[in-house]
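Engineer: One structure, pasted below without further comment.
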Amino acid sequence: MSNPHDAAERDFLHNATTTALWLDHLGDIEQRPALAGDIEVDVAIVGGGFSALWTAYYLNQLDPTVRIAIIEKHFCGYGASGRNGGWAEGGLAVGPEKYAQWSTMDEAMRLVHAMHDTVDEIGRVARAENIDCGYAKGGWIRVARNSAQERRMREEMAQPNPHGELLEPDAARTYLNATDVHCGIYSPDCAAIDPARLVRGLADVVEKRGVTIYEDTAAASVEPGVVRTNRGTVRAEFVVRATEGYTRDLLGERRALLPVYSLMVATEPLPDAMFDEIGLADRPTFSDDRYMVIYGQRTEDNRLAFGGRGVPYLFGSAVNRTGEIHNESHALIRQTLIELLPVLKDVSFTHRWGGVLGIPRDWVPGLRLDRSSGVGVLGGYVGEGVAAANLAGRTMAELIDGNPTERTTLPWVGHTVRRWEPEPFRWLGVRSSRRILVAADEQEFASDKDAKLAYRISKLLKGA
């Protein structure tokens, strides 16, 4: 007899829509006109995601007379900005101690607090500009589901400058009633959003304010004073590279950022009664503390959208459809969510998709503007870019404007990093690191299972 869960998995892989949930809800997207020949502007921004649009938004506010052109290969929100997990998280991919290495801990904590404030700033702009993106600041619940994860959490909260509230198991389960909860950390500085509605709404806002957006226009190179595209040349005093995981498409930039895929699945809309069992009452985002990151949210229409790192890094920093739609990885992500929340075992999963994120060699996000050449760079958010792109774009706008602010001196400004190794060393190193992290997670969960089995056996023996 066949396993019904195998049949459910086959049904999911065969029938689930492979367009990102957020983009699917938008329906058909009509591209804006492409660049039609050579032009000259004051500021040219390459990329049509959050980093580019926030830079344009704040720069236009600072000086509405500045001529700004955005150059996007597909359409605004095509990349990670329209496909991500919808976490506007008030944090960065690394902790403050990393930035304190070249500044001070006080300066690093200024960056931390600026990121916390950024979550509210996104909500403020969404309200002010009437961008309906399902913004809900419900915080973030992170649970420990084995002894090793619990130990890390308790050690984290014992360090200087901890952020969030340590929760014992019963309290943690009131936020997320997951399996095997040992403890949890609740952080208030995170909002769940529909990222595609935010990025598309932001594009409409800047366009109405005079920013020109050229879609269906592929940039070939970013150089001082010029962006060369397949549709013509854009000359500008300032040129900003905001291409994240797609930076590898630009001439000479194949090793600047590592493109890595993260994959997601989404359930059908769930009844309120099911959320009475699951939790997530105020739409907090959720995860556990494994090394191979997982992330989820309760959407505005009562689905669960859930993701994790998917297909391993592709040789040569390749970006293609096989990275976005990967049966084995999508099946694993679906199964991981069911293991986390067994009440979902008979629920239909309607969507599966993927997107590419950009990782710098030191895993440290940052931005910089060389005023002598006019070239600005921002990104490398390591999958945590929804809120970080807002702060980075706001800061880039202020750097271009030339008047110092409390943001232009934050320690991630001016950060530079060496390039990734050439192939095959890049591929070997990344694949090996991934295998180590997967093995570490498996060992931590297995150790707990072994301990539980030994305890049960000892109880049986004592009762014999």
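Engineer: Being farther than 21 Å from W87 by Cβ, among the small types (G, A, S) and surrounded by 23 or more Cβ atoms within 10 Å (Cβ to Cβ) narrows it down to one residue among G358, G385, G376, G380; which is it?
Structural biologist: On the way: G358 fails: farther than 21 Å from W87 by Cβ; G385 fails: farther than 21 Å from W87 by Cβ; G380 fails: farther than 21 Å from W87 by Cβ.
Going through G358, G385, G376, G380 in turn, just one is farther than 21 Å from W87 by Cβ, among the small types (G, A, S) and surrounded by 23 or more Cβ atoms within 10 Å (Cβ to Cβ): G376.
Engineer: Select, from R145, R173, R151, the only residue that is within 28 Å of E97 (Cβ to Cβ) and in contact (Cβ under 8 Å) with a residue 60 or more places away in the chain.
Structural biologist: R145
Engineer: Moving to a separate point now. Conditions first: (1) surrounded by 22 or more Cβ atoms within 10 Å (Cβ to Cβ); (2) touching a His at 6+ places or on another chain (Cβ under 9 Å). G85 passes all but one, so which condition is the exception?
Structural biologist: Result: G85 fails condition (2) only.
Engineer: Continuing with this model, one more query. Out of the residues in segment 182-220 meeting the condition of being within 25 Å of the chain's Cα centre (by Cα) and hydroxyl-bearing (S, T, Y), tell me which one is surrounded by the most Cβ atoms within 10 Å (Cβ to Cβ).
Structural biologist: Restricting to residues being within 25 Å of the chain's Cα centre (by Cα) and hydroxyl-bearing (S, T, Y), the top hit is T217.
Engineer: Restricting attention to segment 338-355, report how many residues are of a type in the set (A, V, I, L, M, F, W, C) and crowded, with 22+ Cβ neighbours inside 10 Å.
Structural biologist: To start, the set of residues in segment 338-355 that are of a type in the set (A, V, I, L, M, F, W, C) comprises 338, 340-341, 343-344, 347, 349, 353.
Narrowing further to those that are crowded, with 22+ Cβ neighbours inside 10 Å: 340-341, 349, 353.
Within segment 338-355, residues that are of a type in the set (A, V, I, L, M, F, W, C) and crowded, with 22+ Cβ neighbours inside 10 Å number 4.
Engineer: Pairs under 6 Å by beta carbon, first residue β-branched (V, I, T) in segment 15-30, partner in a loop (DSSP other than H, G, I, E, B), six or more apart or different chains?
Structural biologist: Listed pairs, sorted by first residue: T18/I325; I29/F75.
Engineer: Pairs, please: C-beta under 9 Å, at least 6 apart or cross-chain, first residue under 16 Å from D362 (Cα atoms) and touching a residue at least 24 places away in the same chain (Cβ under 8 Å) and in segment 418-443, second assigned to a loop (DSSP other than H, G, I, E, B) and small (G, A, S)?
Structural biologist: R419/A256; W420/A256
Engineer: Turning to a different aspect of this structure: Checking T416 against (1) of a type outside the set (D, E, K, R); (2) touching a helix residue (DSSP H, G or I) at 6+ places or on another chain (Cβ under 9 Å); (3) closer than 20 Å to L258 by Cα; (4) surrounded by fewer than 21 Cβ atoms within 10 Å (Cβ to Cβ), which single condition isn't satisfied?
Structural biologist: Failed condition: (2).
Engineer: Could you check segment 423-450 and list, in sequence order, the residues that are outside any helix (DSSP H, G or I) and among the small types (G, A, S)?
Structural biologist: To start, the set of residues in segment 423-450 that are outside any helix (DSSP H, G or I) comprises 423-424.
Answer for segment 423-450, where residues must be outside any helix (DSSP H, G or I) and among the small types (G, A, S): there is none.
Engineer: Please indicate, with yes or no, whether at least one residue in segment 19-37 is in a strand (DSSP E or B) and crowded, with 24+ Cβ neighbours inside 10 Å.
Structural biologist: Pass one, segment 19-37, residues in a strand (DSSP E or B): none.
No, there is no match, as no residue in segment 19-37 is in a strand (DSSP E or B) and crowded, with 24+ Cβ neighbours inside 10 Å.
We did not get these values from a lab; they are worked out from the coordinates using the rules stated. A quick note: this is a predicted structure, and the numbers were derived from the prediction, not measured. Please note: Cβ atoms are built from the backbone with ideal geometry, for glycine as well, and neighbour counts cover all protein chains shown.
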